[in-house]
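Below is one structure, written out as structure tokens, with a few remarks after it.
Values quoted throughout were computed directly from the atomic coordinates according to the rules given, and no laboratory measurement underlies them. Since this is a predicted model, take the numbers as computed values, not measurements. Note that we place each Cβ from the backbone using ideal geometry, even for glycine, and neighbour counts take in every protein chain shown.
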Amino acid sequence: MNIPKVKPGIIAVSRDCFPIGLSEMRRSNIAKAFGEGLYECPVTVENEADAQRAIDDVKANGVNALVVFLGNFGPETPETLLVKKFDGPAMVIAAAEGDGDLIDGRGDAYCGMLNCSYNLGMRRLRAYIPEYPVGTAEECARMIKDFIPVARGILGVKNLKVITFGPRPQDFFACNAPIKGLYELGVEIEENSELDLLVSYREHAGDARIPSVIADMKNEMGGNVYEDMLERMAQFELTLLDWAENHRGDRKYVVFADKCWPAFPEQFGFEPCYVNSRLAAKGIPVACEVDIYGALSEYIGACVIDDAVTLLDINNSVPAYIYDEEIKGKFDYKITDTFMGFHCGNTPSCKMCSGCGVKYQLIQHRLLEPAGSEPDFTRGTLEGDIAASDITFYRLQCDSEGNLRSYIAQGEVLPVATRSFGGIGIFAIPEMGRFYRHVLIQNRFPHHGAVAFSHCGKALFEVFKYFGVEDIAYNKPASDKYKSENPWG
């Protein structure tokens with residue numbers, strides 16, 4: 001309910017000294033190959049007046065992701081004006097030859113794509129251009145389908161507000177990044193006090209909607225929940241949802257970054273983790289410890305995969321005894337390729353193994369409640385092992401100099417019991433040990449990483465690139481050394 005719906009539209013362009021019918025035929029063939037869902041603009045653009053008519057047409061028909069298609073060489077100025085005038089993500093692709101002869105049926109879009117790129121640069125315009133942007137109708141249709149998740153991420157970020165309840169913790173520098181990068185991306189931020197949240201929470205006491213939320217929680221968790229905690233947690237969930245609705249302003253989408261300790265459990269009477277997991281499952285990530293860029297990263301992933309994501313600590317190494325017993329010889333990973341991703345209990349239940357349940361935060365129990373006592377206000381985490389799955393571990397961060405930088409690494413959660421507490425899983429990423437040293441440590445990334453439960457590195461890379469992020473690191477194979485990697489080992 002918090003993720004953009006993409007409606008792509010295609011506009012064909014034509015250089016006036018080339019057959020316009022060639023562009024129109026090729027556009028029509030792409031629409032047929034794509035199938036339902038691609039709006040085909042009837043205006044073929046040869047000049048600036050055509051460009052404005054085409055933009056008016058796609059806007060009137062609800063298009064929010066534009067495909068500029070060079071069916072032949074293309075008119076350099078009008079085709080780039082389409083990108084400039086369209087308020088949303090745009091991609092540029094071109095037609096391959098082969099659907100006609102090489103006299104009247106040759107379009108030279110392979111050539112025209114070069115000049116289009118040059119003109120985009122002259123005008124400082126951003127457009128998504130696939131790795132090889134020249135193709136047949138079927139190939140162009142596949143390119144457009146690859147563009148959909150990228151467009152979803154771009155639309156989400158451009159219309160996002162990050163709402164925080166802080167202050168950001170002093171000792172968690174993951175959470176103290178400059179907000180300058182948010183404004184450069186077009187993201188708005190609203191920073192509030194934890195006291196503001198407490199006041200709003202108390203105002204929701206006795207809310208008539210609480211019983212239905214409790215019923216939904218019981219249905220989700222079965223018997224694996226503290227019955228006496230349900231009313232408080234339901235009240236908090238409604239507090240956050242109402243705050244999102246009442247404070248979104250002119251933004252379409254909202255995420256949260258909330259301070260969750262040490263004062264929170266004592267004052268609210270529970271840990272917020274399970275409620276945070278439920279909002280993440282609704283497409284509204286709630287980052288722990290006021291991690292603003294963690295929340296932003298989560299949301300980008302949620303848009304790209306159109307599914308729930310999570311935020312985890314890159315937490316601890318896998319003990320040799322677990323590796324030897326459960327991983328070695330069964331999976332093609334070195335022990336240094338593995339690690340445990342953990343957080344207190346914010347991962348949605350739909351991404352957890354069966355048997356997960358609402359429990360208590362062991363670390364906070366040690367810190368905040370009397371030794372030897374039964375857990376009380378430190379209850380409220382969602383605990384269990386994270387289910388086996390393909391994953392992409394990634395983060396977008398603003399460094400101390402105000403520069404946006406990022407990393408992306410694909411891998412998997414292994415079907416191996418963690419034998420630990422919290423929301424936790426054993427992750428395996430090829431060459432993780434080198435990536436850990438020469439990307440995460442070398443580039444000074446914090447311990448929080450966003451997790452998308454699929455291999456979506458290709459789309460994430462294009463989203464980051466579209467927003468001008470120049471430093472996009474990834475896990476390199478052993479044969480490809482990092483700049484800081486000692487060549488003698």
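Given R₀ = 35 Å, FRET efficiency for residue 208-residue 373 by Cβ-Cβ distance, to 0.05? Once the sixth-power term is evaluated, E becomes 0.50. With a cut-off of 12 Å between beta carbons, the residues surrounding residue 360 carry a summed charge of -2, where Lys and Arg count +1 and Asp and Glu -1. Think of each Lys and Arg Cβ as +1 and each Asp and Glu Cβ as -1; about the Cα centre, that makes the dipole of the chain roughly 540 debye.
Round to the nearest 0.05 the FRET efficiency obtained for residue 49 and residue 455 when R0 = 35 Å and r is the Cβ-Cβ distance. The formula returns an efficiency of 0.20 here. Rounded if a/c is under 1.5, else prolate if a/b beats b/c, else oblate: with a ≥ b ≥ c from the C-alpha gyration tensor eigenvalues square-rooted, which is the stretch 76-220? Judged from the Cα gyration tensor, the stretch 76-220 comes out prolate (a/c at least 1.5, a/b above b/c). Rounded to the nearest 20, the Cβ-based charge dipole of the stretch 8-157 about its Cα centre (Lys and Arg +1, Asp and Glu -1) stands at 620 debye.
For the pair residue 403 and residue 142, a Förster radius of 35 Å applied to the C-beta separation gives a FRET efficiency near 0.55, rounded to the nearest 0.05. Quick check: Cα centre of the stretch 433-472 to Cα centre of the stretch 116-184, how many Å? First find each Cα centre; the distance between them is then 13 Å. Expressed to the nearest 5 percent, the antiparallel share of DSSP beta bridges inside the chain is 50 percent.
Please state the relative contact order of the stretch 288-360 as a whole percent: Cα pairs under 8 Å, 6+ residues apart? Dividing the mean separation by the residue count of the stretch 288-360 yields 32 percent. The dipole here belongs to the stretch 255-339: it is taken about the Cα centre, uses +1 on the Cβ of Lys and Arg and -1 on the Cβ of Asp and Glu, and is about 120 debye.
I need the shape label for the stretch 159-474. Rule: rounded when a/c is under 1.5, else prolate if a/b > b/c, else oblate, with a, b, c from the alpha carbon gyration tensor. It comes out oblate by the Cα gyration axes.
Against the chain, whose longest principal axis comes from its Cα atoms, helix 194-203 is set at around 80 degrees.
Taking Cα atoms only, the orientation of helix 109-122 departs from the longest principal axis of the chain by about 60 degrees.
In the chain, a dipole from Cβ-located charges (positive for Lys and Arg, negative for Asp and Glu) runs towards its positive end, and of 71, 187, 316 it is 71 whose Cα lies farthest in that direction. With a Cα cut-off of under 21 Å and a minimum spacing of 8 residues unless on different chains, the lysine pairs in the stretch 8-157 number 4. Using C-alpha pairs under 8 Å with a sequence gap of at least 6, the mean separation divided by the residue count of the stretch 8-157 gives a relative contact order of 26 percent.
Each residue of the stretch 393-410 was assigned a 3J(HN,Hα) from its phi angle through the Karplus curve 6.51 cos²θ - 1.76 cosθ + 1.60 (θ = phi - 60°); the sequence is 9, 7, 6, 10, 9, 9, 7, 5, 8, x, 9, 7, 9, 8, 9, 9, 9, 9 Hz, with glycine and proline shown as x. Positive-end ranking of 25, 127, 154 along the dipole of the stretch 8-157, with charges on Cβ about the Cα centre, is headed by 154. Rounded, prolate or oblate: which fits the stretch 8-157 when a ≥ b ≥ c are the square roots of the eigenvalues of the alpha-carbon gyration tensor, with rounded for a/c under 1.5 and prolate only if a/b beats b/c? It comes out rounded by the Cα gyration axes.
For the chain, the relative contact order comes to 13 percent (Cα pairs under 8 Å, sequence separation of at least 6). Highest mean packing first, where packing is the average number of other Cβ atoms within 10 Å per residue, the peptides 109-119, 300-310 line up as 300-310, 109-119. Projecting the Cα positions of 288, 348, 407 onto the charge dipole of the stretch 159-474 (unit charges on Cβ atoms of Lys, Arg, Asp and Glu, taken about the Cα centre) puts 407 furthest along the positive direction.
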